[in-house]
Structure formats: C-alpha cells, structure tokens
Amino acid sequence: GMNAAVRAVTRMGIYVGAKVFLIYEGYEGLVEGGDNIKQANWLSVSNIIQLGGTVIGSARCKAFTMRAGRLRAARNLVEHGITNLCVIGGDGSLTGADIFRSEWAGLLEELVRDGQISEEVARKNCRLNIVGLVGSIDNDFCGTDMTIGTDSALHRIMEVVDAITTTAQSHQRTFVLEVMGRHCGYLALVSGLASGADWLFIPESPPEDGWEDLMCERLGETRSRGSRLNIIIIAEGAIDRSGKPITSNYVKDLVVQRLGFDTRVTVLGHVQRGGTPSAFDRVLSSKMGMEAVMALLEATPDTPACVVSLSGNQSVRLPLMECVQVTKDVQKAMDEKRFEEAIQLRGRSFENNWNIYKLLAHQKPAQEKSPFSMAILNVGAPAAGMNAAVRSAVRIGICQGHTIYVVSDGFEGLAKGQVREVGWHDVAGWLGRGGSMLGTKRTLPKTCMEKIVENVRKFNIQGLLVIGGFEAYEGVLQLVEARGQYEELCIVMCVIPATISNNVPGTDFSLGSDTAVNAAMESCDRIKQSASGTKRRVFIVETMGGYCGYLSTVTGIAVGADAAYVYEDPFTIHDLKANVEHLTDKMKTDIQRGLVLRNEKCHEHYTTEFLYNLYSSEGKGIFDCRINVLGHLQQGGAPTPFDRNYGTKLGVKAVLWMSEKLQQVYSKGRVFANSGDTACVIGLRKKVVAFSPVTELKKVTDFEHRLPQEQWWLNLRLMLKMLANYQISLTEYISGQMEHVTRRTLSIEKGF
C-alpha cells in the first residue's frame, strides 16, 4: 500500500501547484542527498499502485538517529527548497521525523554559523511541516483503525491458512502457524477469528497457567467430534504469564507428546510483507495521501506534527506524538503485566475481536435452555461472507440457549418448509467458504405469504435473521407490513446486508462487497498488464452492481482507472468526449494504455457497446479498444479477511440484539413484537454498528433503482477523477469538502 500513498501524495501535490520530490532509501537517502532526492512529475508514479513494497525504497539509518546526520539531512532539504515532509513508516520513523522538526530552527542556525547556507536561505526555509502516514503490517499504532499494509498482510495469511486447511484435512494433521507480531497480536487475532482457529496465542493476553492441559483437552475434544484437523495460530511475540516466550516448536512438541497428533509448524515470515496490495490498502493509502497534502497546505507555525489516521470510513488528522505516546503505553502495560489494560489500550475494535474469538472458538453449554427459537436464511444473490455470518449466528444462538433453525433457498424455502435444526458442529468449516451454503433465491415473501406464515407457526419461529441483499431488506419490510394481517409475523426480525452491490440502506458496507472489489481489481490488474504489453490499447471493463456504482468506483480507485461511469454521477456526451481527449493525450506519453470502467446500469443509452464504438471511432489511428465484461466472477471466490471478520461480527451482534428484543417482547409464554424497532437492518455507520428499523429506512430508499437516497462513497468520486488527471479545480475540491454528500451530488466531506 505504500506505493499507492506515494502516488497519491505526488499527484495531489502537483495538482495543488507544489514541487514534489521523492526521497529514495528513506532517511538514508535524506542524509546522503545527491541522486537520492529527485523531483517527481505526474508520470513518475504511473503504474505503481498495484506493486507491493515501495518503489522509492526504505532503509534503516543509524546516521539519522544522531544530530550530525540530521544536520546533513537539513542541508539537503534546504538545497532543494523542501519545507514540507510526508513520512510513511512506523512509530520509530514518525518519532524521528518529529525530533527532526523540533530541531529544525537550531539545525538551520548551525548551518548558517558554519557558512553552509546564507541567512536569507534560512529565513526562506524557517519552518518544517511534518505529516505522517503509518505504514505497518502489525496494525500496532494507536489512533488509527488500520495502518497501511495490514489488510494485505492478512490476505497473505489467509491464503496460506486456506491452502494449509486442505492438506491438514487430507492427512488429519495439526498445524501450528506462526505469524508476525513481536509486540502486537493483531495479525494473529484477526487471522484466528477469520479462520476459526482452535487455539490462539497473542502477546497482549498470555494464557492462564496450566494452559497446556486445557489446550490439549480441547484439541482432543475437537478430533473426537469428527474434525480432521486443528489449526493453532501463534504471534511471534507470544508469551506466558511470567513473560517467558511461547514458541511454535514448543507448542508442536506439546501436541505430539500429549496427543500423538501428526503436527507441522509453518512460519510465514516475510511472506506477509510481500505481494500485491489489497483493494482496501490501495484505497486507504490514496485517501490518506491526499489528506496528508491538505494537512501540509493548511499547517501553521502553531500546528503540531500530525498523523493521518482512519476513523470508520473517514481520514482524520491526529497529533502525532500523542498517538506515539499511547502506542508506547500499550507496551508499558504489557511489560508491567497489566494485560487487560493493554487490550483496552489497543482500542475497542481489538478488544471486540478478542471477546468474539473467545465466544466462538469453543462450545460452551448454555446456562439454561431459552424458550426462543430463531431461523436463519440467505436471500438474493450469493455474496462472500454469508457463510461466516451464518456460522457465528448459529453458534452464538446456541450459546444463548436458543433453538436454531436454518432455512434453505431463502423465503421460497421457508414457504416450502425447508427448515432444519442445526448444532454447533454443523457449521464447522464454513468460515472460508464462498457463496451460500444454505442456498439463496431472490423470491420475495409477497408471492408466498400464506405458506411462510404457516411454517413460521409450524416451527414456532420467534426470531428471523435474514442475510442478503436488497431483496432481504425488501422482504423483511413486506413481512413487517403484513403484521396487521398475520399475528404470526409479530416476531423479531433482523437483516444482515450481504451483497456485492453495497446498495442496502442502513449500512456503509455490505458483506461481500470487499471480496467483489478485490476480485474485480485482480482482473483489472491483469487487463492493465495486457494493455501495457500491446501498447496504445484502451480496455472498457463492465462491472456488476445494478444501479449502484460503488463496485465500479472503488475498483477504479484501486486500479488507477482513467474513468469510471456510474448512475449516481450523471455524465453527458461532452464528458465522454473529454475522456477520449484525455486518453488521446495520454497515448503521446510513455504510458500508452487506458482503462475505463462502466457500471452495468450507469446509463440507458451509453451502453458498454456504445462506449466501445465511440472510443474506437474517436481514437482511430491513436489507440484501439477492447471490451471485458467481468460478470459473475465478482460474486465468487473465497471471502477476504475483511468479509470473514465482518460477517462473524455482524452475526454475533445481530443475534445478541435479537435475544435482547425477544426478552423485551416476551410475555405470558409468547412473543408479540409489533413495534417498528423490532425489525431492523444491522450495519456499520461510520464507526458504529447501528440497528435501523426497516420502516424508517423505507423513507430514504429509492425502490425503483434499488438504492439508498444518500451514499457516503460518492465523496470518493472526486478522488478518482483527480488521481486520474482530470481537470478539476482546487476550488472545487476544497468547496466539495465542506458539502454533505447526497445522491447525484459530487462532493467531499471535511474528513476526506
């Protein structure tokens, strides 16, 4: 993700009229100077967004830790007239940058005294502004939800876990996987949650004394119930309660000696740092890079050095050293064995992940059998993450003591009585499966309402959890509106949005959309590679999504597309003409290829075929065109770590909310739920998981086009256009920051 950040900072800097320099080999290049500091142009950062690592290099530099080294670095910056520094790195790099900034005035005085620069040059460069972007696969920096590189590292880990799972099942083996995280267990925790690992070791929460007996007992239980494999995930910095390291080989020897299981160790090592960045990392880095430039532009002498962080789906600026201090406080708490406090200091998300892992990893008998029964079904098109949500919902429901049913083939299956009770182990191994294990159909309840009511009565269903897309939301709305006619429908209902289109009201992200964006991105990366090889070629790629342009827009940002046409952002023949002219100019440079995305329903008349004919005709003699319709490959594949984790969390939170509502509406041996707040959509709104009544969401839904009337991601459209070299004025960009985003309005919120 570092290259996406370099690209965004460079292009945004040029866009606002600044000279942009790339410093190669990190602080070492800053100290050495010379060819390590080069002015960049727009094309300097072309075709790097999909590359792993960093094209400008990175190196640890002992010289920069000493004042003499920083003096040379200051001299090199002054020589190039550089007074704004964007540093991409971990807390050590960022702390070094802040020290450099605090010493700046003194360093310039020393350079003047030594006769290396004049007083006039010192006056012109009297202030150094610093902004930091956190690049760390460990996600160990406090103040941001995610650091650059973490999501890509999780992708590498889950690819290995999925591959190992197949061999472990074949040979009935136990695998001990060691992942990075010397001081932070985030990678181990999220990969454990996303893979359903049997046991997990993280430095923030060492196991209780006697853990060896308990672990072996649980692994043995799992095998005795028919499981053919065990997965144990261990962070490299795992310790026991006395601070003694727990190594992967120690765990392996323990399992072999006590249980006699065929056990293997896999140390992932630097595999986690490499490979193609994920879509999340590319978009995150692009957003942060642009915000970093704005932070430098707006800096004053009184502005402290800041770090650009992620909060929900917004980029925010936080004081750098305050974040560094909290990060150090976590390590201090761990050193002093205040482990519970260390987990809390890591943040609410980390603590939440840890608690959910402990809930779902091993079956815990319910304290008492509850009187409630719930049914779970999938509705609409398949989406990655559906199975993760079903698994966690089933297991947390069983923990609560409920009777849990699953329904095959959506509302149609409910009408036909395709309902069966499930147990804890019936959903084992579902986490990494794509599609829908229950089967899913688009049928809406109004076509079979009588039969649905009959089976709700027959199975005594008091809670209905519907996991699916717009049809799931619309279907639950129909059931709620039929409550007046059928008392059996006065039950608690919840919708978990799961669709690649991300078009369900009440949530910023739907399950499956992250996997779909990554699938589309990987295809577009290959298409770009093909275009680079043939030269002077433009690919027009059609994405799915119905009328919703989320998939097309986010994929466009992730692959550095030249344009992405969507329904929500109306375009005319004049816009198409401008895009063709842009591509014609581009073909005169060294970057002789183009990529244009088109959402499948973005325009009634400007079809994919029309765009192909237009571009082919207008570009005749300059470039040729090809069409690629991505189609249903966007619905397939194994879920990404984000969708596995997100589905798991939503399943748990939905069932806990339903359990609470059932208790509230239970009276005299029966459930009667007829208020609006007993049928909700669960969703992530900015940073908070919220429950929105379907009757309220109806007021803000465009049913004709199957869209929410307001969509947060429209503020990404301007970023897509700016980074693709569109002619947008800075005034439009800044004024856009002040406006709120509504459908068919192109603007950017202040937190962009």
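The values are calculated or read from the model by the stated rules, or taken from the named source; none is laboratory data. Small disclaimer: the values here were computed from a predicted structure and weren't measured. In this analysis, Cβ positions are derived from the backbone assuming ideal geometry, glycine residues included, and neighbour counts consider all displayed protein chains. Surface accessibility is based on the protein's heavy atoms, side chains included, excluding ligands, DNA and RNA. Shrake-Rupley method; radii C 1.70, N 1.55, O 1.52, S 1.80 Å.
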Out of the trypsin sites (Lys or Arg not before Pro) in region 564-615, which ones are loop residues according to DSSP with at most 11 other C-beta atoms within 10 Å? Lys588
Fully extended contour minus Cα-Cα distance, from Glu604 to Trp657, at 0.36 nm per residue: 14.9 nm
If I stretch the segment between His574 and Lys620 completely, what's the gain in nm (0.36 nm per residue apart, minus their alpha carbon distance), one decimal? 14.7 nm
For region 513-635, one quarter of the surface area of the C-alpha convex hull, expressed in nm², comes to 6.7
Counting helices only, and only those DSSP H runs with n ≥ 4, report the 222 nm mean residue ellipticity of the chain as the sum of -39,500 (n - 2.57) divided by its residues, in deg cm²/dmol to the nearest 500. -13500 deg cm²/dmol
State, to one decimal in nm, how far the label point of Glu212 lies from the label point of Gln325, with both points 7 Å from Cα in the Cβ direction. 4.3
Could you compute how much accessible surface Met437 exposes when probed at 1.4 Å, giving the result in Å² to the nearest 10? 80
Relative to a virtual label point 7 Å from the Cα of Glu710 in the Cα→beta-carbon direction, which members of region 526-556 show backbone nitrogen distances below 15 Å? none
Can you give the extra length, in nm with one decimal, that the chain gains between Asp302 and Glu481 once fully stretched, where that is 0.36 nm per residue apart less the Cα-Cα distance? 58.7 nm
Quick tally, 1.4 Å probe accessible area for Lys446, Lys528, Lys364, sorted with the most first, runs Lys446, Lys364, Lys528
Amide H neighbours of Leu464 under 5 Å, at least 5 residues apart or on other chains, H built in the peptide plane: list them. Ala375, Val492, Met493, Cys494
How large is ³J(HN,Hα), in whole Hz, for each residue of region 272-287 in order, when computed from phi with the Karplus curve 6.51 cos²θ - 1.76 cosθ + 1.60 and θ = phi - 60°, using x for Gly and Pro? 5, 8, x, x, 5, x, 6, 4, 4, 5, 5, 6, 4, 5, 5, 4
Accessible surface of Arg420 in the full protein assembly, 1.4 angstrom probe, to the nearest 10 Å²? 110
Estimated distance in nm for a label pair at Ala59 and Arg182, the labels positioned 7 Å out from Cα along Cα-to-Cβ: 2.1
How big is the accessible area of Thr589 in square angstrom, nearest 10, if you roll a 1.4 angstrom probe over the protein chains? 40
HN-Hα J in Hz across region 709-721 - Karplus 6.51, -1.76, 1.60, θ = phi - 60°, x for Gly and Pro: 6, 10, 9, 4, 6, 4, 6, 7, 4, 5, 4, 4, 5
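Where Lys and Arg each count +1 and Asp and Glu each count -1, what net charge lies around Ser248 among other residues with Cβ under 11 Å from its Cβ? Walk me through the numbers before you get to the answer.
Working: positive: Lys252, Arg264; negative: Glu178, Glu236, Asp253.
Its environment carries a net charge of -1.
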Output for region 631-673: trypsin sites (Lys or Arg not before Pro) sitting in coil per DSSP, at most 15 other Cβ within 10 Å, listed by number, reads Lys668
At a Förster radius of 25 Å, what calculated FRET efficiency corresponds to the Cβ-Cβ distance of Lys535 and Asn613, to the nearest 0.05? 0.70
If we count every other residue with Cβ under 11 angstrom of Tyr473's Cβ, Lys/Arg +1 and Asp/Glu -1, where does the sum land? 0
Sort region 150-273 into rounded, prolate or oblate with this rule: let a ≥ b ≥ c be the square roots of the eigenvalues of the Cα gyration tensor; rounded if a/c is under 1.5, and if a/c is not under 1.5, prolate when a/b is larger than b/c, oblate otherwise. oblate
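What FRET efficiency comes out for the pair Ser667/Lys446, r = Cβ-Cβ distance, R0 = 41 Å, nearest 0.05? Each step should come with its number before you reach the end.
Numbers: r = 30 Å, r/R0 = 0.72.
Efficiency computed from Cβ-Cβ geometry: 0.90.
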For Lys698, give me every one of the lysines with a C-alpha distance below 27 angstrom, ignoring sequence neighbours fewer than eight places off in its own chain. Lys441, Lys446, Lys451, Lys601, Lys649, Lys653, Lys661, Lys686, Lys687
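Give me the percent of DSSP beta bridges within the chain that run antiparallel, rounded to the nearest 5.
Values: 23 of 86 bridges.
The answer is about 25 percent antiparallel.
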Inter-site label distance for Lys416 and Trp42 at 7 Å from Cα along Cβ, in nm: 5.7
Output wanted: per-residue J couplings in Hz (rounded whole) for region 352-358, from phi through Karplus 6.51 cos²θ - 1.76 cosθ + 1.60, θ = phi - 60°, x for Gly and Pro. 4, 4, 5, 5, 5, 4, 5
Two-decimal Rg to Rh for the chain - Kirkwood Rh, Cα set: 0.99
Using only Cα atoms, locate the centre of region 213-286 and the centre of region 599-625, then give the distance between them in Å, rounded to an integer. 51
Loop-resident chymotrypsin sites (Phe, Trp or Tyr not before Pro) in region 638-712 with no more than 12 other Cβ atoms inside 10 Å, DSSP not H/G/I/E/B, are Phe703
